[in-house]
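These notes are about the structure you will find just below.
What follows is calculated from the coordinates using simple rules that are stated; it is not laboratory data. Treat the numbers as computed from the prediction; the structure is a model and nothing was measured. Because the Cβ atoms are built from the backbone with ideal geometry, glycine has one as well, and the counts that use them run over all protein chains shown.
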Amino acid sequence: MVEQIPIGWSASGRYSPVQDRFGVKRPQPGEFPPVTERVNQSPDPYRPAFVDEREVLRVTYQGDDRCQLTCPGCYTGQRLDTHPAAAVDAERRVRVPFAEFTGHLTALGAGLQEFFLLGAEPTMDPETSDAMLRWSVEHGLTVTAITNGAVSPARFDRTFGRALEAGDLYKLSVSLDSTDPATNNRLRGKPFAHERALATIRRCVEAGAPIKVQITVWPLNYPTILDTVDELYDLGVRAFAFHCGSVEGVAEFLRHGLDHIDPLAWRALCARLYAFRDAHLDELWHFNFPLLYFTRDELREEVIGDADLTDAYLRHVDRLERGQPSVKPCHACPALDVPQVYVFANDGPGSRGTVSLCNVHSADPDTAYAVYEPGSRRFAVVPDPARNQMQAMVDSPHLCPAMGQATGGRGSDRAQTECGDLFHACRYLGANQIPVDERRFYDRYDQAADFYRAIGLAETAYDAAAEPYLARVRRLTDGVTSLRQRTVEVLRDAVENGGLQLARISRMGFSEHVLTELSPSQEGQRGKGFVSPARNRR
């Protein structure tokens, strides 16, 4: 493994909520500054006029908009020429010329410290990807990269072999969503994805490469996550990152079998991930996940960090839910001034490149923070309020301006759950940042896993062409806060309206509570093979 190089995230010493994203940290109460200290409360969307006049220390770079996979949930999928969700403009550039790549990085200013090669998939152009990594190292940058890993060893080595051999790569992320082949391949869009990605992970582990496995969580793979982590750990993986799947940019996401994870289910999974982290703390070198949803107390103590300001925010949420005009009392979005940007090298006027402040928030294809001007070789901040991304973030009523897009249409920051209200905030406010009760919601995980297993089972009873099944689930569970009751509603509907056999449900290992709830309304079905496992044991 290459030496882990610390990155100084602010020349001014100002706290940045992404500065501690590496490693395995256990923050203590009081270490996370209040929102008024970590986020500029008076951001100016138009000054400075050029990006190189502000502090930019890290760039995530997408320069080749091609990928051999067709992952239905890819958050850059709307830009890819192989993605099924959207037609790609035939006149739009999909590969950045190398000279313009160097111009883009130079245009970010002299303070740049880290280059993160996003791709889209770096192995689609091995030689150019290698050249980008080499140029970045030669210019004093720390380099990281991500790949889906679903390629031949020869192509992988052409892309990353030199950088790995030279020790240039600080970290290489490989995406794998499940060690269950069928689950992973459905989420990756190709039948070869699992086999090839897992082979790549094995090779990297055996070679001692600084590999991290990145897992995106969807309804389909939620029940497999913990087994996946255990199996990868047994394989030798010692670095992990987890993302709650965002549906931003995914056309007809419900039709693709995608939806945002239930807030309580997500926090329940986080509690189990905390437990795994603590059990293997001495061996892990990276382990991070966003908490995303927070209780009132967590808002007050850490996320906002000020009691009066939190109360004002909660009143703001109440007004919005009543349909009353309201302006949020504080800015909590780190994208407003954190020294990290995303460059989409083939977007914008003439496909010459744009700067985004967030990889989730993009109101429309014409919105950006800055666009590249080839003549001056600079990124000029967008002067039009209707197209300036930061202006849209400032005007957003939500604590996280990307919330509605990421969650597939949620209208309020508040999510009502059986364990109380949870509130959505930025994904960067995660496990490496905020001290929380790590076991909170731990006991809800089995119920959440039951819920998503029930969805997977019940889906088989319906014709997806008639209605996207997850759209049906949204209708069935609307207003139902109990995870157990949601499971019952999904399974009962599948029995009564989809022809799912109760005997099949009884063999799937659902909790006794769920089976008992199903039984009374189906007395006549017991003779058809439905027997509660617990009753059978008695």
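Given DSSP loops and a limit of at most 11 other Cβ atoms within 10 Å, what is the longest stretch of the chain that contains no such GluC sites (Glu not before Pro)? Longest run free of exposed loop sites: 284-538. Within the chain, DSSP assigns beta bridges of which about 35% are antiparallel (rounded to the nearest 5).
Each Lys or Arg adds one and each Asp or Glu subtracts one; over the other residues with Cβ under 9 Å from the Cβ of TYR372, this totals +1.
Applying the Karplus relation 6.51 cos²θ - 1.76 cosθ + 1.60 with θ = phi - 60° to region 426-432 yields 3J(HN,Hα) values of 4, 5, 6, 7, x, 5, 7 Hz, where x marks Gly and Pro. Evaluated at q = 0.07, 0.12 Å⁻¹, a Debye calculation over the C-alpha positions of the chain (equal weights, vacuum) places log10 I(q)/I(0) at -0.40, -1.22.
Taking amide H positions as modeled 1.01 Å from N, with prolines and chain starts lacking one, the residues under 5 Å from ALA120 and 5 or more places away or on another chain are GLY63, ASP64, ASP65, ARG66.
Please state the shape class of region 155-205: rounded when a/c is under 1.5, otherwise prolate if a/b exceeds b/c and oblate if not, all from the C-alpha gyration tensor. Prolate. Rg then Dmax, both in Å and based on the Cα atoms of region 226-312: 16.4, 49. Kirkwood analysis of the Cα pair distances in region 316-465 returns a hydrodynamic radius of 18.5 Å.
Around the amide H of LEU500, modelled in the peptide plane, lie the amide H atoms of VAL495, all under 5 Å away and 5 or more residues distant in sequence or on another chain.
Over the alpha-carbon set of region 257-360, divide Rg by the Kirkwood Rh and report the Rg/Rh ratio to two decimals. Answer for region 257-360: 1.06.
Across region 365-510, the mean sequence separation of Cα contacts (distance under 8 Å, 6 or more residues apart), normalised by length, yields a relative contact order of 15 percent. With Cα atoms as the point set, the radius of gyration and Dmax of region 181-282 evaluate to 14.5, 43 Å.
Between the C-alpha center of region 447-476 and that of region 344-392 there is a gap of 38 Å.
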